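The values are calculated or read from the model by the stated rules, or taken from the named source; none is laboratory data. These numbers were taken from a predicted model, which means no experiment stands behind them. Methodologically, a virtual Cβ is constructed for each residue, glycine included, from the backbone with ideal geometry; neighbour enumeration extends over all protein chains shown.
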Amino acid sequence: MTPAPAPGVAGPMAEGVAGPPAIGPTGLLAAGSAQPTAAGVAGLIDPTEVIGPCGLPADVVAALIRGGQTVATAESLTGGLITACLTAVPGASQVVRGGLVVYSADLKTALAGVPAELIEAAGVVSAPVARRLAVGASRRCRADWGIGVTGVAGPGPSAGVAAGVVWLALAGPDGLTAERLALPGDRATVRAGVVVAACRALADRLEAIS
């Protein structure tokens, strides 16, 4: 028996019967085609929209270029959004080394080098884990700076941690820090707030050592 296609994915149709348009998120695919539409792609590739008109990612990229330094990320709840916003800036390839999306606990260990026993003892959303994520990003990607974020985006709590609670860590030439954020709003707003906080924290550190 042929399995039913997933929603939004074109499946085999009876001869002479027109199938539904093959569309994905925001109309990504044109009807009857596996090729993305321009409008669909345009709706997906501007990650800076999530943080509004502020120029923080551009400021960070410019400061890194001036200092001849590089950055990498290890992101949990933001799922790569910090890296996406930084790389949306022209010239980012000079300074952004890459990023680790470590949404699950086991990948925090396998990719970022966070000890499993530390996660068990401190909890996924904790300062020690955020610090190790930042260090892991820096070491794994061979970057001067590492950003590590772990938290709960919502809409509800997770493992006893309230939505909006986030730990943000920075590892750099001047040391290793971690700060706790308590961000209000829905899931998208919390994730956007983490991007803003991470960019602002790195911009401040870069300015302090320039």
ask   = Hey, does region 151-159 have a residue that's in the same structural domain as Gly68 (by TED's automatic domain parsing), more than 17 Å from the chain's Cα centre (by Cα) and under 17 Å from Glu75 (Cβ atoms)?
value = yes
ask   = Which numbered condition trips up Ala188, out of (1) touching a residue at least 40 places away in the same chain (Cβ under 8 Å); (2) surrounded by 14 or more Cβ atoms within 10 Å (Cβ to Cβ)?
value = (2)
query = Does region 166-182 include one or more residues that are at pLDDT 95 or above and over 28 Å from Ala121 (Cβ atoms)?
reply = yes
ask   = Which ones in region 155-171 are assigned to a strand (DSSP E or B) and more than 19 Å from Ser104 (Cβ to Cβ)?
value = Leu168, Leu170, Ala171
message = List pairs: first residue in region 114-139 and in a loop (DSSP other than H, G, I, E, B), second residue among the basic types (Lys, Arg) anywhere in the structure, Cβ distance under 7 angstrom, at least six positions apart or on different chains.
response = Val114/Lys108; Val114/Arg132
ask   = Among the residues of region 83-112, how many are touching a Gly at 6+ places or on another chain (Cβ under 7 Å) and in a helix (DSSP H, G or I)?
value = 1
task = Check Val95, Val71 and return the single one that is touching a residue at least 60 places away in the same chain (Cβ under 8 Å) and either at negative phi or touching a helix residue (DSSP H, G or I) at 6+ places or on another chain (Cβ under 6 Å) (or both).
result = Val71
request  = Those residues that are farther than 22 Å from Leu107 by Cβ and not in a strand (DSSP E or B), I need them from region 172-195; list them, please.
outcome  = Pro173, Asp174, Leu183, Pro184, Gly185, Asp186, Ala188, Thr189, Ala192, Gly193
